Structures are given as structure tokens and as C-alpha cells.
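Below is one structure, written out as C-alpha cells, with a few remarks after it.
The values are calculated or read from the model by the stated rules, or taken from the named source; none is laboratory data. What you see is a predicted model, and the numbers here were worked out from it, not measured in a lab. Cβ sites come from the backbone with ideal geometry, for glycine too, and all protein chains shown count toward neighbours. Note: accessible area is taken over every heavy atom of the protein model, side chains too, but ligands, DNA and RNA are not part of it. Shrake-Rupley method; radii C 1.70, N 1.55, O 1.52, S 1.80 Å.
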Amino acid sequence: MPEMEEGEDIEQPLTAIAEAFEELSKWRKKEVHHIRLDTFCEAASLVSVLFRCLGLAFKFAELEYMAKLQGLVEASKTCPTLEDILVLDVASDTVKTSGSCSRNLRRVRQGLDLVRAIFEQLLSSDDTSLKEVASTAYGQVCAPYHTWAVRTAVYAGMYTLPSREQLLMKLNETEQSAEKKMKRYIAASHPIIEYIDKLYLSRNITLDW
């Protein structure tokens, strides 16, 4: 997989994201029950556009997500599957080491889960402001693992979030079309996030980091 182009524009990013994760989730129906790392990285790279659309409040999340994802892109040259990452890092006792592929995978997984949580909050609220939606999603998924300084900066940035209407315009969607695609992503990403968690738990690696 070539190095990612961060500034690449997609006319309807929600469509691309939903389709990519629906395709990725088909691994469960195949004989070999592993997710290819390069295919995972391609799908995950599409998600960064949502962080960009949310602006300054999620700039840190975007930068961290893209840096960790680029690390996985490099790893995909020698590690065919997500499981291979854990096998190698467990063998070298570097699972939780800064910069390790297993740590990068944990952070990218959190990014995917953050998008899921944001979508769920959007679907359960008609609020024109995104502050409560984003704050709740961030608090559920990322805040427990971030330092006080990062949490403070993120929450302060919530006041710079676009309105619900502005977000939909940036995504080139209507309320109706966005709802359908968000539900598709939520459904398709859930088993993938669960699969990643099991890669750690099956090796007696807790998820509290």
C-alpha cells in the first residue's frame, strides 16, 4: 500500500467509509479468518476525513490517528495480517512499547470506535450543536486514555466545532442520507473493533491502556 495522501478529497466520504468497512467485514465469511493489514489500513485511512471536518477540537485525534496509521502501513510490508502484529510484538515483549505496531493498532482502533460513538450520538440527538455529541463520544472512547493536558485541550476546542448543518455540508450529505450511511458504518465496524479487541484479550493483554 502506498503512503497515504492526507489531503486527498472524496466527494462523499461517508459512502466511501461505509462501503470500505462493509467490504472489510466480509472477512468473517471467508475460510481464512484473518483481516489483511493492508486492506485494513486502506479502509481506516478514509476515516480521517471526519476528524478534519470536525476541525480544531479533533486536530490532536486526527494527527495521532494518522501517525499511528502510517506506522501500520509500513508494517503491512512485512506483516500480512493484524494477528501477525500481535504475534511479533508478544514475542519481543513490545506490545505496549511506544511506537510498537500493537500500540499503533490500539490507537487506530480507538479512532474507529470514536467515529462509531460520534455517529451513534448524532443519530440519537437532533441538537444543532455538536458540542454535546462530540464531548460524550470523546468521553466514552478516548478521554480515559489521554493525559489531563490533552483532555483539557480537546474539551476547550469543543466550542470551535461546526454546527450539525455545517458538518453535513462538509460531508456532502443530507440528514436522511447521512443517517443511512452512519448506520452502515456502525454495523460494519462493530465486528472489526470486536475482532481487534479479541486479538489482545486472547493473549491475556488487558485493554486499559
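A few comments on the model shown:
- Structural descriptor for the stretch 1-140: relative contact order 21 percent, calculated from alpha carbon pairs under 8 angstrom and at least 6 residues apart.
- For the stretch 136-209 and the stretch 74-125, distance of Cα centres in Å: 14
- Nitroxide proxy distance, nm - points 7 Å out along Cα→Cβ at Leu207 and Lys77: 3.2
- When you filter the chymotrypsin sites (Phe, Trp or Tyr not before Pro) in the stretch 64-164 for DSSP loop state and at most 10 other Cβ atoms inside 10 Å of their Cβ, nothing is left.
- With all pairs of different C-alpha atoms in the average, the Kirkwood value for the hydrodynamic radius of the stretch 94-165 is 13.3 Å.
- For the stretch 10-110: rounded, prolate or oblate by the Cα gyration tensor [a/c cutoff 1.5]: oblate
- Taken over the C-alpha atoms, the stretch 38-97 has Rg and Dmax values of 13.4, 39 angstrom.
- Of the trypsin sites (Lys or Arg not before Pro) in the stretch 66-150, the ones in a loop by DSSP (not H, G, I, E or B) with at most 16 other beta carbons within 10 Å are Lys77, Lys96.
- Quarter of the Cα convex hull surface for the stretch 170-209, i.e. its orientation-mean projected area (nm²): 4.0
- Evaluated at q = 0.10, 0.14, 0.18 Å⁻¹: base-10 log I(q)/I(0), Debye formula over Cα of the stretch 71-209: -0.42, -0.77, -1.08
- Fraction of accessible area attributable to carbon and sulfur, the stretch 70-174 (%, probe 1.4 Å): 54
- Cβ-based charge dipole, the stretch 96-209, positive-most Cα from Ile205, Gln110, Tyr195: Ile205
- Net charge dipole size for the stretch 49-206 [Lys, Arg +1 and Asp, Glu -1 on Cβ; Debye, nearest 20]: 220
- With an a/c value of 1.5 or above and a/b larger than b/c for the gyration tensor axes a ≥ b ≥ c computed over the alpha-carbon atoms, the stretch 49-152 is described as prolate.
- Protein heavy-atom accessible surface, 1.4 Å probe, per residue over the chain: 50 Å².
- Restricting the stretch 64-157 to GluC sites (Glu not before Pro) in coil, as DSSP defines it, with at most 10 other Cβ within 10 Å: none
- Net lengthening on full extension, Gln140/Lys180 (0.36 nm per residue, minus Cα-Cα): 12.1 nm
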